[in-house]
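The values are calculated or read from the model by the stated rules, or taken from the named source; none is laboratory data. All figures in this text were calculated on a predicted structure; none of them were measured in a lab. Neighbour counts run over all protein chains shown; Cβ positions are idealised from the backbone, glycine included.
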Amino acid sequence: MRTLTSKLLQNIRLYKSLRFRIFLIVLLIGIIPAFVMRYIMVQGYENRAMNQKVAEVTNQSAIVAAHLARTDYFSDTSDIVINDELTQMSNLYDGRILVINDDFQIIKDTYNKSQGKYIVSSEVISCMNGSRNMSSQDEENRYLEITVPILDEATGKMYGALVASASTDSIHDNVEVLARRARVVEVVIAVLIIIIAYSLSLTLLKPFDKVIRAVDSVKEGFDPGVESIEVPDYTETKDIMDAFHHLMSRMKEVDESRDEFVANVSHELKTPLASMKVLSDSLIQSGDSVDAETYREFMLDIAEEVDRENKVINNLLSLVKLDRSKEAEVALETRDLSEMLQQLIKTLTPLAEESGVSLFYEEKVPVKADIDETKLSLAIMNLIENAIKYNKENGWVRVTLDADLQFAVITVSDSGMGIPEDSINKIYDRFYRVDKSHSREIGGTGLGLAITRNAVLLHRGAIKATSILGEGTTFTVKIPLRKDI
Ligand code: ADP
């Protein structure tokens, strides 16, 4: 059973293979015309020879019939000249001649068998009634039969009919010889075509074998030499290899960025740990000599580092949750954006006050949009927090809400330090900070904007930052009003 299924699978594989199909197509294209040609040739010859024979026998019969009409053969069948003529003709065509009178009685049979008998065949009747020549063929017994009227042209008197049968053996023999030769040619052509089809199926697909080998050779891992694999034989194989190289370099990129990410994560997680280690070591080394106040100070520092570690981990988790590939998990619901923004302002006002920054909210139009409130809140919260964090003494932060026909537009502007031009496109990268030490000092993880961007993209929205160094920054977020836009 198992061998049967594996055999079946093998057959399906063979049938599906391009190589087999090319072989089959070339074979059919080559062999079918050869068969058709043989048929046309042999059949054509047979038809032509048969028509010729019919014409010849009919002519001859007509001549004899005319002759018969002129003599009084019907009253006296012993006319030697005529009888000779009839015998000669029947010998010539290897057949038999019957002369029939207008009573349908056979008055002469060159076989001398049926004299005196009556013959009432449809051919004879229609021949005599319509004064027409009739012909019929007997394929099986290999003869043809011609019936011509015996008619006196001058008086229009119908004497009877002449039935001449002629053997078609010679034609059939010729056809057989011809068919035999054609078959030999056919077999030769078939063998040649099988060879051609087989070698074409092998050579035409060779470049694809090269492609398979090339792909196989890099299956085990990244081969730095992969770019050098070229299969330029066909445009198709070249395209496949180009696509393959593209895929490989994309994978390489992903691999590299993953390595970088892991390195960054380790670094970010290690920094607070290192600080804690230093703090705790110095406490241990100092032993009893540390007074309670210093002890408390150190412990506060350690707690701060734990908080930082926590924040990095939480941000990382949010980032994973907001991965763009999880678009299906976004729960979009129609929400009032002004309500959401006012709630955010309320939550962040204490932080702004603490930093000496004034926080304003301006609503140009009330807007409702299809959003995932938790995710979008997080995104806008990060922007406002940054605007407060990277601001100046007595600075301001303004949040506005507006909309056009398709999008809700939220802007967060500040009067802060601004972002240098060459950093403006990098700020969304994970762990990127313009000023590393400053960001760490004010509790940044470098993940906030990456989270924001992911959340916005999950809404099929867009985010853009414009900034003037030393004057301030504006982030503009556009979110489609309805999910079906
Ligand atoms: P962080 O946790 O460091 O704030 P973010 O991803 O939120 O990380 O921001 C990345 C970097 O972009 C910040 O470190 C900061 O240098 C810069 N940045 C973000 N928002 C602002 C802003 N409103 N004004 C100036 N710089 C900003």
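Odds and ends about this structure:
- Picking from residues in the range 302-321 that are farther than 18 Å from residue 444 by Cβ and surrounded by 12 or more Cβ atoms within 10 Å (Cβ to Cβ), the one that is farthest from the ligand (Cβ to nearest atom) is 302.
- Which listed residue is more than 15 Å from the ligand (Cβ to nearest atom) and surrounded by fewer than 22 Cβ atoms within 10 Å (Cβ to Cβ), from 364, 392: 364
- Across the range 404-428, the number of residues qualifying as part of a loop (DSSP other than H, G, I, E, B), aliphatic (A, V, I, L, M) and under 16 Å from residue 449 (Cα atoms) comes to 3.
- Pair list, Cβ under 7 Å, 6 or more apart: the range 429-443 residue free of Cβ contacts under 8 Å to residues at least 12 places away in the same chain and outside the structural domain of residue 257 (by TED's automatic domain parsing), other residue in a loop (DSSP other than H, G, I, E, B) and near the ligand (Cβ under 8 Å from one of its atoms): 439/433; 439/446
- For the range 436-473, a tally of residues being at pLDDT 90 or above, of a type in the set (A, V, I, L, M) and within 10 Å of the ligand (Cβ to nearest atom) returns 6.
- Output for the range 366-403, where each listed residue is touching an Asp or Glu at 6+ places or on another chain (Cβ under 6 Å) and either outside any strand (DSSP E or B) or farther than 13 Å from residue 416 by Cβ (or both): 368, 387, 391, 400, 401
- Selection within the range 408-417: residues that are at pLDDT 95 or above and of a type outside the set (D, E, K, R). The member of this set that is farthest from residue 363 (Cα to Cα) is 415.
- So residue 346, is it away from the ligand (no atom under 16 Å from the Cβ) and in contact with a strand residue (DSSP E or B) (Cβ under 6 Å, 6 or more places away or on another chain): no
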